[in-house]
Each structure stands twice: as C-alpha cells, then as structure tokens.
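Okay, structure first, notes after.
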Amino acid sequence: MALYLVQHGKSLPEDIDPNKGLSEEGISDVKRIASVAKGYGIKVLCIKHSGKKRAQQTADIFASALKPEKGVKECNGLNPLDDVTTIAKEIESIDNLMFVGHLPFMERLTSYLITGLVDKPVFKFQNGGILCMDQDLNTQSWVIKWSLMPKIK
C-alpha cells in the first residue's frame, strides 16, 4: 500500500481569484509532476481532495495522468487546520490512495503518521509535489518512501 500526499499547486492570490484557483505556474508544475508520476507507473485507486478549488484542480490534473480506478472525490477532513487524526484513522493499508490538500495539514499528517505527534516536522512540502509513504505490514510503522517536488532548492 502506498499513500501519496500532495500539497495543491501554486494558487492565484485572493484579489485575482477569490476562490484561489491554480496559477499558470501551479498548473505547469502539477502537470510536470503528474507526468513524471505517470512515467514511473504510479497507480492510485482514488484521489481525494479537500474541495477547495486549488485542491480539486490539482487532483483533476493528477487524475488525467494517473487514471485512478475510482476517480476523484471530495473528502471532508483535508482542510488546512483539520484534525489529522481523523483522516489517519480512515487510511486503509491495502489501497494506494492520493490525498490532495493544504499546509499545514499535509505536514502535520506526515508527522503524525511517522512519529505519532502532529507538531514534530519530518518533511517540507512544496506546492504541486508528491510525498509517497508506505506502511510496513509487520510493524504497521509508516515511512517516507520517496518524493517528487517541482523545485530542488
């Protein structure tokens, strides 16, 4: 089972788009990362997103590249300040899932899965990047397997 965590692509400022949809740079970055993921043969059963415009657009770009069997779905509990323990309890260790959301939620979820603490940072996300986590079936411990980020600096 792999868990793919994605911070939405770079968004437009609120004064340009009150719903903060993706910027041209955000769209370009997400398309590039989604294409690389497709090239590596990444398979996901379903892509779940927070419902915010930038997250849905990001999820849709990944879906067009990865063709998840169960499509793209809006999911409660992925907003920036939501409780990560709620989502953590719902993660099934048998399906490859992708969650598209926001900071600080994604960083806090990663920390929680690895350390059991939400405020112990273990990974720095970038807009439009993917973090792949895996769970050891024997120990049930989560580990970071790899990441693809738009920028290397």
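Taking K and R as +1 and D and E as -1, what net charge do the other residues with C-beta under 12 Å from the C-beta of Phe123 add up to?
My count for the surroundings of Phe123 gives +3.
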Open item on the list: Please arrange Tyr112, Tyr40 by how many other C-beta atoms lie within 10 Å of their C-beta, fewest to most.
Closed with: Tyr40, Tyr112
Open item on the list: Strictly over 28 Å apart at the Cα level, which of Lys70/Lys120; Lys67/Lys120; Lys52/Lys120; Lys31/Lys89; Lys70/Lys151 would you flag in this model?
Closed with: Lys70/Lys120; Lys67/Lys120; Lys31/Lys89; Lys70/Lys151
Task: Order of Val6, Val84 under a 10 Å beta carbon neighbour criterion, fewest first - done: Val84, Val6
Task: Within a Gaussian network of the chain (alpha carbon springs, distance under 10 Å), most fluctuating of Glu107, Glu14, Glu24 - done: Glu14
- [ ] Just the number, please: Stokes-Einstein D of region 2-148 in µm²/s, Kirkwood Rh from C-alpha pairs, 10 °C, 1.306 mPa s.
- [x] 105
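Considering only DSSP beta bridges with both partners in the chain, what is the antiparallel share in %, to the nearest 5?
On the way: 12 of 24 bridges.
Around 50 percent of the beta bridges assigned by DSSP in the chain are antiparallel ones.
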Task: Size of charge dipole - region 2-148 - debye, nearest 20, with Cβ of Lys, Arg +1 and Asp, Glu -1, no other charges - done: 300
TODO: Within 10 Å of each residue's Cβ, count the other Cβ atoms and sort Met98, Met133, Met1, Met149 from fewest upward.
DONE: Met1, Met149, Met133, Met98
TODO: Considering Cα pairs under 8 angstrom that are at least six residues apart, work out the relative contact order of the chain and quote it in whole percent.
DONE: 30
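Starting from region 34-134, pick out the trypsin sites (Lys or Arg not before Pro) whose DSSP state is loop and whose Cβ has at most 14 other Cβ atoms within 10 Å.
Values: sites: Lys38, Lys43, Lys48, Lys52, Lys53, Arg54, Lys70, Lys73, Lys89, Arg108, Lys124; in loops: Lys43, Lys52, Lys70, Lys124.
Listed in order of number, the matching sites are Lys43, Lys70, Lys124.
No value in this document is a laboratory result; all are computed from the given coordinates. Keep in mind that this is a model prediction, so the values were computed, not measured. Cβ: placed from backbone, ideal geometry, glycine included. Neighbour counts: every protein chain shown.
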